[in-house]
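A.B. asks: After the structure tokens below, expect a handful of questions from me.
The values are calculated or read from the model by the stated rules, or taken from the named source; none is laboratory data. It should be emphasised that the depicted structure is a prediction, and the values quoted were computed from it without experimental measurement. Here the Cβ is made from the backbone with ideal geometry for all residues, glycine too, and neighbour counts use every protein chain on show.
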Amino acid sequence: MGRDRIIQMLAAFVMVLCLSASAAISVELAASVGRHHLAYTDRAEDGDPPEVAVGIAMGAFRGLFVNMLWMRANDLKQAGRYHEAIELSSAITKLQPRFPAVWAFHAWNMSYNISVMTQTPEERWQWVNAGIRLLRDQGIPANPNAMLLHKELAWVYLHKIQGYTDDANQYYKRAVAAEWTGVLGDPPRPDQRDRSRELAIRKHIEWLQPIADAPDSLEELVASKPEVGALVGQIAARVGQFPDPADFLRRVALNSALERSGQKALIQRHMGEKSLALSQMLADPALKPAWDAYLAHLRRRVLIETYKMEPERMVRFTEKYGPIDWRNPAAHALYWSARGVEQALTRATDETMKDYDFINTDRVVMQSLQELYRSGEMYFDYLDWESGQVATYIAIPNAHFIEPYHQLVTSGELLERNPLERTRKRPYRVIAAGYENFLKDAVRYLYRRGQVREAEKWYMTCATWEGANMNDPARKYLFSRPLDEFVQEELAERFKSPSVATSEVFGALDGAYISGLLGSDSELFGSQFEYAKRFHRFFMENQLRSTPTGDAYKRLEFLDRDFRIVAGQHLSNIIGVLSLDDAETIYDNAPEDLRRYAYDTLVDRFKESIDADQAAGGRPFGQIFPEPQGMKEFRVEYQNALEERRRIREGTAVK
């Protein structure tokens, strides 16, 4: 047998061996692909761009074809042809769903480029929300450990919605607040326990925990609580079927808002038979245990199936970071950025840490906590939103988020995975600068609020922090000054910032109401109240600007344009969380015009219990809280003001 023949036989043997091994391995590979959902698109569907069919037909050359599409999509974006770029991006995501960059490119085009080409806030929100849904509902499920997609989604919430660079940001904020009022219902009502950070966190965990513990399926729930089955049957018979759980939850939230409204009787006269039936069922105390279990189950389903969020993680983040109000866009920025870090840490090793963009994602976590400090206490009028009016949206600082920001930076957790930020050999580090600026803001706010001892604590923490940047020669002088001088100098540097304006106005009002009215110090009340009024007027005159999206929502309108409404609503919010004795003291000491804003809140909060006490010999409600003069006219005037805002929003106001 010749040499060539031997080589041919050996080659044939090796080929047969390789083919046999390939056949054996392919079975396991195919099973793994199915288990982990790794298969790319293998057939075109109706409505797909033609590039999808071409890419599928190219088989092994699909990658080269996708590269060509990617370059073409980028050229279209540079040319401003965003809609065409979106079509190509959609084709790429179908051909290569494991390519995170194209999901980010696609979502950015919708949320940033196309949204600003539309004219109304509602149109802009549709595109911003489309970018959110693309990342949340498709991109991240296809790439569950992709830090890039988590960071991009968090950034849309943090920068596009929570920020103020977009002219329609005020509309976005209300849209998110309305959406999440429907999903989770009303957050825990503020009360005096909130003065303790630990108790405030515990209260929010108790709110979320039933959702995290709820069964995944209705069958499991009914098996453990048969009364839920009877309730579901009653809903179907009296109200009808609701195939979309989110829509049903929205109706429940609307009913809850209606129950608190002074216009409840008027609105109910115009409600349909099924809406009235739902309202009656929700108010039936005998059905409350079944309702609690059923709504917790629905909320869990909506969170997991619609929003791709994990209730257990939401509970854990609340415990770690603070009393999160999920109506706030910054809450979602925190969730997705922190989740992205945690998902990436499960795959990162000492050798691959440099391949993950931890530093920028951690910065989004930090900025999200900063925004929750700046705006984490919220008051939102859901009923006005559902009625088509310009809904009241008040977001004020929440000092409970100072501590988690401090812990994140100083505990070593963040610096451990960002070695460039850890070394003090660098004269300037971004995280160190951000931490110092954050504490400066916190000191200024606490001081203005009247919490001087707490302000002094954080002032000293910042002054003595060993991780401070070394490139600022003025730092030593700045932190050697008395606290009041330090605060004034900081304010002079940043008085035009909307977050500073918010904290100054509400901090001063807190001091006026708590230290002044509750402390029966009329001089302090007058000085703090006048400071808030002057600062509000200065900010409105210098910073409020019209935008191309109309006059209903101005870009920097973080405060209502009418200071009377700002001051009145804030007093109403504060007096609604106090004890009866403290509420009576503030009400007695408040001027008549401010009492009008607080009176209906006091009726809702205390009248029922006071009436019950009166039957046992207690004082009547009207003696404790006498109705201010002109309440009837005030209510009409206030509703007219809201109606005028609605007309402005719809473009029908009389010029």
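A.B. asks: Determine if region 239-253 includes at least one residue that is part of a helix (DSSP H, G or I), of a type in the set (Val, Ile, Thr) and closer than 30 Å to PRO323 by Cβ.
C.D. replies: Yes, region 239-253 has at least one match.
A.B. asks: Oh, and also: Which residues, counting only those in region 610-628, are touching a residue at least 24 places away in the same chain (Cβ under 8 Å) and small (Gly, Ala, Ser)?
C.D. replies: Selection gives nothing.
A.B. asks: Just checking, how many residues over region 272-281 are surrounded by fewer than 17 Cβ atoms within 10 Å (Cβ to Cβ) and either modelled with pLDDT of 95 or more or within 24 Å of LYS607 (Cβ to Cβ) (or both)?
C.D. replies: Final tally of qualifying residues: 1.
A.B. asks: Follow-up question, since we're still on this one. Scan region 86-106 and give yes if some residue there is surrounded by fewer than 23 Cβ atoms within 10 Å (Cβ to Cβ), under 23 Å from ASN360 (Cβ atoms) and under 22 Å from the mean Cα position of the chain (by Cα), otherwise no.
C.D. replies: yes
A.B. asks: May I ask you to say which residue of LEU266, LEU258 is surrounded by fewer than 13 Cβ atoms within 10 Å (Cβ to Cβ) and either at pLDDT below 90 or more than 17 Å from LEU287 (Cβ to Cβ) (or both)?
C.D. replies: Within the list LEU266, LEU258, the selection yields LEU266.
A.B. asks: Could you check region 479-528 and list, in sequence order, the residues that are within 33 Å of the chain's Cα centre (by Cα) and charged (D, E, K, R)?
C.D. replies: Result: GLU489, GLU490, GLU493, ARG494, LYS496, GLU504, ASP510.
A.B. asks: Return the pair list, or none, for Cβ contacts closer than 8 Å from residues in region 505-522 that are of a type outside the set (Gly, Ala, Ser) to residues that are surrounded by fewer than 18 Cβ atoms within 10 Å (Cβ to Cβ) and modelled with pLDDT under 90, at least 6 apart or on different chains.
C.D. replies: Here the result reads LEU518/ASP582; ASP521/SER515, each pair linking region 505-522 to a residue that is surrounded by fewer than 18 Cβ atoms within 10 Å (Cβ to Cβ) and modelled with pLDDT under 90.
A.B. asks: Return the total of residues in region 186-201 being farther than 18 Å from ILE402 by Cβ and either within 14 Å of the chain's Cα centre (by Cα) or charged (D, E, K, R) (or both).
C.D. replies: 5
A.B. asks: Which residues, counting only those in region 118-169, are part of a helix (DSSP H, G or I), within 13 Å of SER337 (Cα to Cα) and small (Gly, Ala, Ser)?
C.D. replies: ALA154
A.B. asks: Another question, then. Restrict the check to region 170-190 and report whether at least one residue is assigned to a helix (DSSP H, G or I) and basic (Lys, Arg).
C.D. replies: yes
A.B. asks: In region 334-356, how many are in contact with a Lys or Arg (Cβ under 7 Å, 6 or more places away or on another chain) and closer than 23 Å to GLN370 by Cβ?
C.D. replies: 3
A.B. asks: Now for a different question. Which helices (runs of 4 or more DSSP H) sit wholly inside region 314-433 and have at least 2 residues that are within 23 Å of TRP458 (Cβ to Cβ) and of a type in the set (Lys, Arg)?
C.D. replies: Helices (runs of 4 or more DSSP H) meeting the threshold: 358-375.
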